[in-house]
Amino acid sequence: MKTRSEISGAWETRGFSCDLWTDPPAQKWENYRHEVDELIYILEGILELEVSGKKKTLKQGDEAFIPAKANHSVRNVGGTEAKWLYGYKNR
């Protein structure tokens, strides 16, 4: 598995920020939209990502891309705390 530092450096070269987020079990973030592209990377736990009505389960080591203005939700479905990185495309 990649480290936060490795991911942050790789995302920086792709023009993205990189920050850590931690969610308790069963946390849900529903129906968000951002003006810029977003990346997420799972460090611990299991998340369900829904982008424009399509669901995908993400586990440790998985990265996902969320296009700008896409309606999306993130749900901690793993039953444990989830730690994940998120980053927004720099303008």
Pull out all pairs, ordered by first then second residue, where Cβ-Cβ is under 7 Å, the residues are six or more apart or on different chains, the first lies in segment 1-29 and is touching a residue at least 40 places away in the same chain (Cβ under 8 Å) and under 18 Å from Phe65 (Cβ atoms), and the second is of a type in the set (Lys, Arg) and surrounded by 14 or more Cβ atoms within 10 Å (Cβ to Cβ). Gly15/Lys89; Phe16/Lys89
Residue that is surrounded by the fewest Cβ atoms within 10 Å (Cβ to Cβ) [pool: residues in segment 63-85 that are over 14 Å from Tyr32 (Cα atoms) and in contact with a Phe, Trp or Tyr (Cβ under 7 Å, 6 or more places away or on another chain)]: Glu63
Unmet requirement for Asp37, which otherwise passes all of (1) in contact (Cβ under 8 Å) with a residue 40 or more places away in the chain; (2) in contact with a Pro (Cβ under 9 Å, 6 or more places away or on another chain); (3) farther than 29 Å from Gly9 by Cβ: (3)
Is there any pair linking a residue in segment 55-70 that is closer than 19 Å to Arg4 by Cα to one that is at pLDDT below 95, with Cβ under 6 Å and at least six apart or on different chains, and which? Gly61/Met1
Please tell me if Glu35 is part of a loop (DSSP other than H, G, I, E, B) and either over 12 Å from the mean Cα position of the chain (by Cα) or over 22 Å from Met1 (Cβ atoms) (or both). yes
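The values are calculated or read from the model by the stated rules, or taken from the named source; none is laboratory data. Note that the structure is a prediction, hence the values are computed from the model and not measured. Don't worry about glycine lacking a Cβ; one is built from the backbone with ideal geometry, like all the others, and counts go over all protein chains shown.
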